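Below you'll find the structure, written out as structure tokens, and then a few comments.
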Amino acid sequence: MVEPLRQTGIGMVGDVPWGTHFFLFHETAEDLIDACVPYFQAGLENKELCIWAIADTLSEDEVRYCLKHAIRGFDDYFDSRSIEIVRGREWYMTGDDLDLEKVTRGWKQKMDRALNGGYAGLRLSADTAWLDKRDWKEFCDYEKEVNDSIGDSPMLALCTYPLPGSAAAEILDVTRTHQFAIARRNKAWEMVETSELKQAKAEILRLNGDLERRVVERTRELTASNLELRRQMSERRRAEEALLAAQAELARVTRVTVVGELAASVAHEVTQPLTGIAANGTACMHWLAAAPPNIDRARTAVERIIRDSARASEVIHDIRALVKKSPPRREPVDLNELISRTLTLAGSEITRTEVELQIQMTDGLPPVIGDRVLLQQVLLNLFMNAIESMNSVNVRPRVLGIRSEWLHDGERILIAVQDSGTGFDPQGAARLFDAFYTTKPQGMGMGLSICRNIVAAHGGQLSARNNPDHGASFEFSLPADAHAHAPGKVEIATA
Amino acid sequence: MREGLTALIESVGLSVQAFGSGPEFLGAYIAEAAACVILDWNMPGMNGLAVLREIEASGNNLPVIFLSGSLDRPATIPTAQFLTKPVLEDELMIAIRQAFESNRRARFEKAAGIGKGGL
């Protein structure tokens with residue numbers, strides 16, 4: 001976790017991290033007050049324990065007056081000992097001797113009080129104007145030690161020293177033993193940095209510049225790869241769309257092929273009602289022309305015309321839907337009704353080939369959700385395959401069995417198409433649903449492959465097996481529409 | 001279609017009886033009563049040709065008019081007439097008239113001991 005910076009309260013210095021150990025050269029007591037009062041104000045307002053070891057040039061009363069004048073609620077801070085004012089000379093000396101062990105102990109004690117008293121840390125300022133020249137060397141070593149070890153603790157230390165009378169060597173020593181120094185000369189604050197700090201700052205600047213350059217570079221790289229990725233994604237999407245369109249078109253072409261095979265049957269299914277319409281129309285004319293006109297019979301004839309027209313329309317509607325291009329749809333589809341409609345299309349073909357129908361549809365099945373045309377294509381394909389497989393069968397009845405039922409879990413509807421034909425070669429069973437696999441001389445080999453894809457797209461699986469006696473069975477189950485009702489009774493009808 | 005043709009024939013004043021399938025017709029028909037039979041060529045169970053064979057096998061030469069789809073037109077059978085669906089009134093009536101004619105001739109020939117039955 002990164003500790004937030006501490007406000008020094010001294011404008012030129014700004015915010016610094018814990019462990020900052022810096023130095024202030026001052027010309028006058030006024031300079032000292034100017035720097036230290038805002039320094040302690042910032043500390044008190046940020047819940048730090050403040051200790052000020054004051055210079056000989058200042059009295060405690062003076063200092064308290066200045067602090068109280070500047071800091072709101074200062075008396076409370078002072079009474080609760082959030083700020084302590086001690087005399088620097090007394091803090092550092094025992095009698096006439098510098099007692100650094102006592103000082104170290106003292107700071108440690110204050111730090112303990114800060115940490116145990118719920119303060120954020122310790123902020124101190126100490127004036128060393130009282131220091132005797134003979135102790136200078138020892139003091140510098142102590143300061144160096146403080147400077148090296150302070151970084152680990154939640155502590156800010158501001159040492160102050162009068163500039164007048166300071167020798168160049170002393171100034172050098174001070175800047176060496178602190179992280180940086182500030183000085184007030186001719187009313188202007190200046191910062192005296194150590195070479196380490198300067199180097200560190202320069203290094204940070206260089207690193208920042210480097211980082212910025214790398215961020216720009218990396219951003220450019222990422223932007224480029226992002227663009228490339230987008231391009232690839234849209235290309236892939238286009239390819240997928242093209243693939244879907246091609247698959248849909250292939251399915252349609254296969255449908256058209258099946259419809260073509262059914263042309264005779266379809267023509268018959270349209271011709272039957274058309275013949276009825278023509279005959280009823282003529283009959284109606286005769287009943288009306290009779291004297292007196294036979295209105296009842298004429299009405300019956302017209303009713304039949306209307307009924308037959310609807311029947312022919314249904315066939316034409318189905319054929320048009322199978323042949324034309326249309327986007328896939330999702331709608332409720334009644335599979336029983338779809339089976340009946342599909343049998344109508346193939347009806348004449350079933351009659352012509354002398355196939356017997358055995359239909360066993362469960363009443364009241366819920367619809368499935370899907371594309372009606374595609375599902376009809378599956379049924380048509382399975383019916384036509386079954387009929388074709390029985391073409392060469394003459395020794396037993398040609399039976400096309402169609403069954404619809406709820407599966408035990410009630411959530412799916414099973415459709416089974418069974419024939420008594422020649423079945424399929426067990427060797428080729430694995431390839432039955434492969435594209436371009438066919439056993440028919442004119443077959444394209446797409447029918448079952450497309451049927452399996454259509455069933456899969458509707459959440460089912462088309463499977464095939466040879467019957468124990470003769471022929472083959474094809475089965476698939478689709479999820480029932482969840483909004484549908486309970487199963488009904490089984491009704492068996494044979495046509 | 002069956003209803004339509006029945007209505008049409010009745011509306012011109014002829015008497016007609018309709019059956020749902022070949023076997024139904026064969027089980028019910030009395031050859032003497034009918035002057036002509038109209039058969040669908042393509043029927044489930046027993047097709048038109050099979051019905052014709054049965055009629056011939058029973059020794060009756062009842063004239064037959066076949067109705068067939070345009071695409072399942074069978075090979076011509078000399079003893080029968082063929083109409084392609086949808087059938088128009090005129091051609092149906094002409095066919096029925098011809099059938100009546102041939103039926104009348106057959107009955108006459110039979111009565112006179114001429115023809116297939118022979119002497």
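Only the coordinates and a few stated rules stand behind these numbers; no lab work does. All of these numbers come straight from a predicted model, not from anything done at the bench. Here the Cβ is made from the backbone with ideal geometry for all residues, glycine too, and neighbour counts use every protein chain on show.
What the table shows:
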{"quantity": "Coarse-grained scattering of the stretch B:2-112 at q = 0.09, 0.15 Å⁻¹, given as base-10 log I(q)/I(0) from a Debye sum over alpha-carbon atoms", "calculated": "-0.22, -0.63"}
{"quantity": "Long-range HN-HN contacts of A:VAL86 with modeled amide H, under 5 Å", "calculated": "A:TRP52, A:ALA53, A:ILE54"}
{"quantity": "Size of electric dipole in the stretch A:185-325: Cβ of Lys, Arg +1 and of Asp, Glu -1, about Cα centre, debye, nearest 20", "calculated": "360 debye"}
{"quantity": "Long-range amide H partners of B:LEU39 with built H, under 5 Å", "calculated": "B:ILE65, B:PHE66, B:LEU67"}
{"quantity": "Per-residue HN-Hα couplings for the stretch A:214-223 [Karplus 6.51, -1.76, 1.60; θ = phi - 60°; Hz; x = Gly/Pro]", "calculated": "5, 5, 4, 4, 5, 4, 5, 4, 5, 4"}
{"quantity": "FRET E, pair A:GLN247, A:VAL323, Förster distance 22 Å, beta-carbon r, rounded to 0.05", "calculated": "0.80"}
{"quantity": "Radius 15 Å from Cβ of B:PHE19, net charge of other residues (Lys, Arg +1; Asp, Glu -1)", "calculated": "-3"}
{"quantity": "Nearest-20 debye value, the protein assembly as shown charge dipole, Cβ charges on Lys, Arg, Asp, Glu", "calculated": "3460 debye"}
{"quantity": "Listed residues A:PRO426, A:MET446, A:ASN385: farthest to the positive end of the dipole of the stretch A:314-454 (Cβ charges)", "calculated": "A:MET446"}
{"quantity": "Charge context of A:THR57, other residues only, Cβ under 12 angstrom, K/R +1, D/E -1", "calculated": "-4"}
{"quantity": "Förster-model FRET efficiency, 25 Å R0, A:ASP148 and A:GLU193, C-beta, rounded to 0.05", "calculated": "0.90"}
{"quantity": "Approximate spin-label separation A:LEU207-B:GLN17, in nm, with each point projected 7 Å along Cα-to-Cβ", "calculated": "11.4 nm"}
{"quantity": "Inter-chain Cβ neighbour average for residues A:265-272, partner chain, 10 Å", "calculated": "5"}
{"quantity": "Whole-angstrom gap from the stretch B:1-25 to the stretch A:1-70, using each part's C-alpha centre", "calculated": "122 Å"}
{"quantity": "5 angstrom amide H check on A:ILE359, placed H, neighbours 5+ away", "calculated": "A:ILE402, A:ALA493, A:ALA495"}
{"quantity": "Furthest towards positive pole of dipole, A:LEU163, A:ALA298, A:SER225, structure part the protein assembly as shown, Cβ charges", "calculated": "A:ALA298"}
{"quantity": "Cβ-based net charge around A:ALA416, under 9 Å, with every Lys or Arg adding one and every Asp or Glu removing one", "calculated": "-1"}
{"quantity": "In degrees, nearest ten, helix B:89-112 long axis to first principal axis of chain B (Cα)", "calculated": "20 degrees"}
{"quantity": "Extension gain (nm, one decimal) between A:ARG105 and A:VAL256, 0.36 nm per residue minus Cα-Cα", "calculated": "44.3 nm"}
{"quantity": "Average beta carbon contacts from partner chains per residue of A:344-354, 10 Å cutoff", "calculated": "3"}
{"quantity": "Residue-span extension gain [A:ARG113 to A:SER313] - 0.36 nm each, minus C-alpha spacing", "calculated": "62.1 nm"}
{"quantity": "For chain A, the longest site-free run once trypsin sites (Lys or Arg not before Pro) in DSSP loop states with at most 15 other Cβ atoms within 10 Å are removed", "calculated": "A:331-488"}
{"quantity": "Spatial separation of Cα centroids for the stretch A:114-179 and the stretch A:315-353, in angstrom", "calculated": "98 Å"}
{"quantity": "Along each principal axis, Cα extent of chain A, largest first, Å", "calculated": "148, 61, 42"}
{"quantity": "Helical mean residue ellipticity (222 nm; -39500 (n - 2.57) per DSSP H run of 4+; nearest 500) of the protein assembly as shown", "calculated": "-16500 deg cm²/dmol"}
{"quantity": "C-alpha long axis of helix B:48-57 to longest principal axis of chain B, angle in °", "calculated": "10 degrees"}
{"quantity": "Of the GluC sites (Glu not before Pro) in the stretch B:19-60, those whose Cβ has at most 14 other Cβ within 10 Å and which sit in DSSP loop", "calculated": "B:GLU32"}
{"quantity": "Cβ-placed point charges (K, R +1; D, E -1), dipole of the stretch A:16-172 about Cα centre in debye, nearest 20", "calculated": "460 debye"}
{"quantity": "Of A:LYS325/B:LYS85; A:LYS144/A:LYS201; A:LYS102/A:LYS201; A:LYS68/A:LYS201; A:LYS110/A:LYS144; A:LYS102/A:LYS137, those spanning more than 29 Å from alpha-carbon to alpha-carbon", "calculated": "A:LYS325/B:LYS85; A:LYS102/A:LYS201; A:LYS68/A:LYS201"}
{"quantity": "Top positive-direction residue, dipole computed over the stretch A:269-351 with Cβ charges, set A:THR351, A:ILE316, A:PRO327", "calculated": "A:PRO327"}
{"quantity": "Calculated FRET value between A:ASP363 and A:ILE306, using beta carbons and R₀ = 41 Å, to 0.05", "calculated": "0.90"}
